[in-house]
Amino acid sequence: MKPRFLILVFLLITHTLCAQTVPKWVIKGLDDGDNKHYEAAIADYTRAIAIDPGYSDAWYYRGQVKSVLGRYNGAIADFSRVIALEPKSPFAYYSRGMAKLKLKRYTSAIPDFDRSIAIDSAYVSVAAFYNRGIAKNFLGRFAEAVADYDRVIKLLPRDTLAYCKRAEAKNNLGLYTEAIADCSHAITLDPKSYLAYAYRGYAHYKLGKTKENYRKAIADYDMAIQLGGSNYKPDVKYRDEAVAALALSEGP
């Protein structure tokens, strides 16, 4: 009986020490991550996982650091492990969806955003709707993307980027007048939004047919180029097209 009792005591002490050690490694990992010591943070979380593979926070935070470093496949594997341990974690689904989005795996990302929203829309819904809209836009599901941005705007009515992205999707649907309205509102919220000017310029250009529309397109592209700088040099091409269209225009 004595040896068996000693084994039980040893197991109890070991379990207690592990329970105390794992959070310490996770806390150290968070500190290292905050200080941008990302490799050290990964090592910290890996130590925690080695001690207790069922400690989901260690997998989750390691996945986040891998995402920061652009190691998206590794991040997806870590977030998948979190989901296996905690099937109702909206954060794990959202984070896995974001890693897939970065890898341009749009079709695969959408169900993760769906699941995140379905589990708990109170925490990550705005970001999930927004990024699901991005994925749908890339897949050509423009009307669905508009619906997702509608949800974002309903929750955050002063989100400039949501108006811009909704305008982009509306441009893709040929809803140029609606896109102009979204961009104009975005500009009232943020007069320095080069995307709003760029998307509005595109809408004016596509409406075309009159010199006034081409002039508006050129003016908007000028602002987009000025505000975006090196970020939006491609708009020079669209501005040149609008200038050519204006020169050839027969309208008033």
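No lab work stands behind these numbers, since they all come straight from the coordinates. Not measured: the values here are computed from a predicted model. Glycine gets a Cβ as well: all are built from the backbone with ideal geometry, and neighbour counts include every protein chain shown.
Observations on the model:
- Stokes-Einstein D (µm²/s) once Rh is taken as the Kirkwood radius of the chain over alpha-carbon pairs, at 10 °C in 1.306 mPa s: 75
- Taking a quarter of the surface of the Cα convex hull of the range 23-87 gives a mean projected area of 3.7 nm².
- Panel order for Ser249, Ser67, by other beta carbons found within 10 Å of each beta carbon, from fewest to most: Ser249, Ser67.
- Long pairs among Lys100/Lys192; Lys136/Lys237; Lys28/Lys66; Lys66/Lys192; Lys28/Lys104, criterion Cα-Cα beyond 21 Å: Lys100/Lys192; Lys136/Lys237; Lys66/Lys192; Lys28/Lys104
- The range 174-214: Rg to Rh, with Rh as the Kirkwood radius over Cα pairs: 0.99
- Of the trypsin sites (Lys or Arg not before Pro) found in the range 81-173, those that fall in a DSSP loop while having at most 14 other beta-carbon atoms within 10 Å are Lys88, Lys104, Arg158.
- Taking the C-alpha atoms only, the angle from helix 235-248 to the longest principal axis of the chain is near 20 degrees.
- For the chain, modelled as a GNM whose springs connect Cα atoms under 10 angstrom apart, the maximal fluctuation among Ala179, Ala198, Ala50 occurs at Ala50.
- Isotropically averaged projected area of the range 105-164, using the convex hull of Cα atoms (one quarter of hull area), nm²: 3.7
- Two-site label geometry, Asp52 and Ala127: point separation in nm, points 7 Å out along Cα→Cβ: 2.4
- Estimated FRET transfer efficiency (Lys104, Leu155; beta-carbon r; R0 30 Å; 0.05): 0.70
- Label-point gap, in nm, between Asp120 and Ser184 - each point 7 angstrom along Cα→Cβ: 4.2
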